[in-house]
Amino acid sequence: MTVGPTRVVVADDQTVVREGIVMLLGLLPDIEVVGAAADGEEAVRLVAEQAPDVVLMDLRMPRCDGVEATRRIRAEHPGTEVVVLTTYADDDSLFPALQAGARGYLTKDAGAEEIARAVADVRSGAAGLSPQVQRRLLERLSGPAPAPRPAAEPAPAKPPALPDGLTAREAEVLALIAEGLSNAEIAERLFVSPATVKTHINNLFAKTAVRDRAQAVAYAFRHGLSSGS
């Protein structure tokens, strides 16, 4: 089956930036811009009218900011994915956007190739995170190494309970998702089949109430789960 061009809505409150993004996307193959919004309210309205595949969403906008607009779009129009395109890559911007349902996160210094790749990734069901953002997530997930336990201190009788009833294997899969590994790469790392990995992912998504891999990364950060690598 032939897949048509990716239909995109651009949301940014700065006219020159918004028009520049629209012009840039117009030069990219397989992307069709179907609307441009000056704030989050207009972005939500355009999504309802145009049913785009992807919204490129700024965060700091009047009336309705990008996080709230993302939350509403993902709740009301789950067939539309959101890629944040913003100046800010701090934790207070990054994690609320991912928790609201954004599957991609780029900063505005991204080039045309990086934007096109993120749009294609989220349309195919993957996360579209810039290398800078991926590094930031991994840094926060890893955190400082724990201090070594004195030799005389006895080891704990059992490991602490995992959140939301996760099994040790599900937590391990979640940590590998946070590393950015695909299902096939996780299967190779754990010496299991891709079908088994998919079952673990379905189970951990159900237990943690996350909707996609980007939210799973945010969940892992909040709960201090990481592969330790």
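A 1.4 Å probe run over the chain, with the rest of the protein chains in place, finds 51 Å² accessible per residue. Each Cα pair under 8 Å and six or more residues apart adds its separation to the average, and for the range 1-124 the resulting relative contact order is 23 percent. In percent, rounded to a whole number, the relative contact order of the range 64-147 is 26, using alpha-carbon pairs under 8 Å and six or more apart. Between the helical axis of 213-223 and the longest alpha-carbon principal axis of the chain there is an angle of about 50 degrees. Taking a point 7 Å from the Cα of E68 along the Cα-to-Cβ direction, the residues of the range 1-40 with backbone N closer than 14 Å to it are 39-40. Over all other residues within a Cβ to Cβ distance under 13 Å of P29, the charged ones net out to -2, with Lys and Arg as +1 and Asp and Glu as -1. Given R0 = 35 Å, the distance between the Cβ atoms of R60 and F191 translates into a calculated FRET efficiency of 0.15. Each label was represented as a point 7 Å from its Cα along the Cα-to-Cβ direction; for A209 and S124 these points are 3.2 nm apart. The angle between the Cα long axis of helix 66-76 and the longest principal axis of the Cα atoms of the chain comes to about 90 degrees, rounded to the nearest 10. Could you run the Debye sum over the Cα atoms of the range 2-96, one equal point scatterer each and no solvent, and tell me log10 of I(q)/I(0) at q = 0.13, 0.17, 0.18 Å⁻¹, two decimals? Here log10 of I(q) over I(0) equals -0.39, -0.67, -0.75. Over the C-alpha atoms of the chain, the Rg to Rh ratio, Rh being the Kirkwood estimate, stands at 1.03.
Taking only protein heavy atoms and a 1.4 Å probe, the accessible area of the range 83-143 is 46% carbon and sulfur. Calculated FRET efficiency, T199 to Q132, Cβ-Cβ distance, R0 = 35 Å: about 0.60 to the nearest 0.05.
For the chain, the relative contact order comes to 15 percent (Cα pairs under 8 Å, sequence separation of at least 6).
Please give the Cα centre distance for the range 73-117 versus the range 14-58, rounded to the nearest Å. Here the two parts' Cα centres lie 13 Å apart.
Relative to the longest principal axis of the Cα atoms of the chain, the long axis of helix 40-50 lies at roughly 70 degrees.
The values are calculated or read from the model by the stated rules, or taken from the named source; none is laboratory data. Model, not experiment: these values are computed from the prediction. FYI the Cβ positions are ideal-geometry reconstructions off the backbone, even for glycines, and counts take in every protein chain you see. For the accessible areas, the whole protein counts, side chains as well, though only heavy atoms, and no ligand, DNA or RNA atoms are used. Shrake-Rupley method; radii C 1.70, N 1.55, O 1.52, S 1.80 Å.
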